[in-house]
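*Asks:* This is the structure I want to talk about, given as structure tokens.
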Amino acid sequence: MFRWISYFFNHLFNSGKGFCIGPPASGKTTLVNFIHNKKLIESHIPTNQATEVGKMLELGGDETFVKNHWERLMNDDKYKYVVYVFSTADYIKNYIIDADNQKTYQKIVYLHLYFLKNINKAKKKIIIVGTHVDKLPNEKEIIQKISKDLNNVIDVTLTKIFFGSFKDIDDAKIITSDVEKTTSNI
Ligand SMILES: Nc1nc2c(ncn2[C@@H]2O[C@H](COP(=O)(O)OP(=O)(O)OP(=O)(O)O)[C@@H](O)[C@H]2O)c(=O)[nH]1
Ligand SMILES: [Mg+2]
């Protein structure tokens, strides 16, 4: 009985809660704030501590957050889904993001997604959002290539991938409504 009551309250207060992660400057703050208040933040102020915005917890893109927080959050019942944000423009440029280990942007995205798949014991839904599509030279081709790449490292039954941009309000509405539709049923 107690277990049932605690399940009920947990569901009531934590329904729809998720956390948002991904490489630096990919658009996490932009996305969680737009979902929360439909306003676009255009300047980049790096997030340096986990911040709750509406129903989502945003973590900074700094690599150290991975070890410290991701696994703990994945095992926390309070969070029902994960939103992983990366920049398609940075993915295509594929520069070295990690000065110490010389890891490229693509490598980091694969490692992140692979790590997420492996720690996802509770089988949470993973929503991948590819941003900065407005900066791509040949959008369609690149999106196809990236989708193909990512399909090799994700569990397709638990993952959805969306692409879009936060260049302006109209674009932001499209990409966030995809995310909101998916998370509203979780
Ligand atoms: N052109 C364009 N700019 C974008 C897009 N998404 C985000 N930005 C811009 O990219 C910059 C970084 O966005 P943030 O939302 O702060 O990135 P973040 O992932 O929270 O970064 P950290 O907190 O440092 O990890 C901001 O200047 C945004 O306005 C996009 O799709 N297109
Ligand atoms: Mg941020």
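The values are calculated or read from the model by the stated rules, or taken from the named source; none is laboratory data. Keep in mind that what you see is a predicted model, and the values were worked out from it rather than measured. Cβ sites come from the backbone with ideal geometry, for glycine too, and all protein chains shown count toward neighbours.
*Asks:* Hey, among the residues in segment 136-172 that are touching a residue at least 60 places away in the same chain (Cβ under 8 Å) and assigned to a helix (DSSP H, G or I), which one's nearest to the chain's Cα centre (by Cα)? Full working, then the answer.
*Replies:* First, the residues of segment 136-172 that are touching a residue at least 60 places away in the same chain (Cβ under 8 Å): 163, 166, 168-169, 172.
With assigned to a helix (DSSP H, G or I) added as a condition, the list becomes 169, 172.
On the way: ILE169: 19, ALA172: 15 Å.
Here the residue is ALA172.
Condition check ((1) of a type in the set (A, V, I, L, M, F, W, C); (2) free of Cβ contacts under 8 Å to residues at least 40 places away in the same chain) across all residues:
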residue	(1), (2)
LEU57	yes, no
ASN68	no, yes
LEU73	yes, no
TYR79	no, no
ASN94	no, yes
ILE97	yes, no
LYS103	no, yes
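*Asks:* Before we move on, is ILE108 within 13 Å of ligand 1 (Cβ to nearest atom), modelled with pLDDT under 95 and either of a type in the set (Phe, Trp, Tyr) or under 18 Å from ASP62 (Cβ atoms) (or both)?
*Replies:* Working: within 13 Å of ligand 1 (Cβ to nearest atom): yes; modelled with pLDDT under 95: yes; either of a type in the set (Phe, Trp, Tyr) or under 18 Å from ASP62 (Cβ atoms) (or both): yes.
Against the criterion (within 13 Å of ligand 1 (Cβ to nearest atom), modelled with pLDDT under 95 and either of a type in the set (Phe, Trp, Tyr) or under 18 Å from ASP62 (Cβ atoms) (or both)), ILE108 qualifies.
*Asks:* So, one more: Please tell me if LYS67 is outside any strand (DSSP E or B) and out of contact with any helix residue (DSSP H, G or I) (no Cβ under 7 Å at 6 or more places or on another chain). Steps first, answer last, please.
*Replies:* Numbers: outside any strand (DSSP E or B): yes; out of contact with any helix residue (DSSP H, G or I) (no Cβ under 7 Å at 6 or more places or on another chain): yes.
Spelling it out, LYS67 is indeed outside any strand (DSSP E or B) and out of contact with any helix residue (DSSP H, G or I) (no Cβ under 7 Å at 6 or more places or on another chain).
*Asks:* Within segment 42-54, does at least one residue satisfy the condition of being part of a helix (DSSP H, G or I), at pLDDT below 95, surrounded by fewer than 21 Cβ atoms within 10 Å (Cβ to Cβ) and within 14 Å of ligand 2 (Cβ to nearest atom)? Talk me through it step by step, then tell me what you get.
*Replies:* Step one: of segment 42-54, the residues part of a helix (DSSP H, G or I) are none.
Taking every residue of segment 42-54 in turn, none turns out to be part of a helix (DSSP H, G or I), at pLDDT below 95, surrounded by fewer than 21 Cβ atoms within 10 Å (Cβ to Cβ) and within 14 Å of ligand 2 (Cβ to nearest atom).
*Asks:* In segment 122-142, what residues are farther than 17 Å from TYR110 by Cβ and in contact with a helix residue (DSSP H, G or I) (Cβ under 9 Å, 6 or more places away or on another chain)? Show your work before the answer.
*Replies:* Within segment 122-142, the subset farther than 17 Å from TYR110 by Cβ is 122-125, 127, 131-141.
Within segment 122-142, ALA122, LYS124, LYS125, ILE127, THR131, HIS132, VAL133, ASP134, LYS135, LEU136, PRO137, GLU139 meet the criteria.
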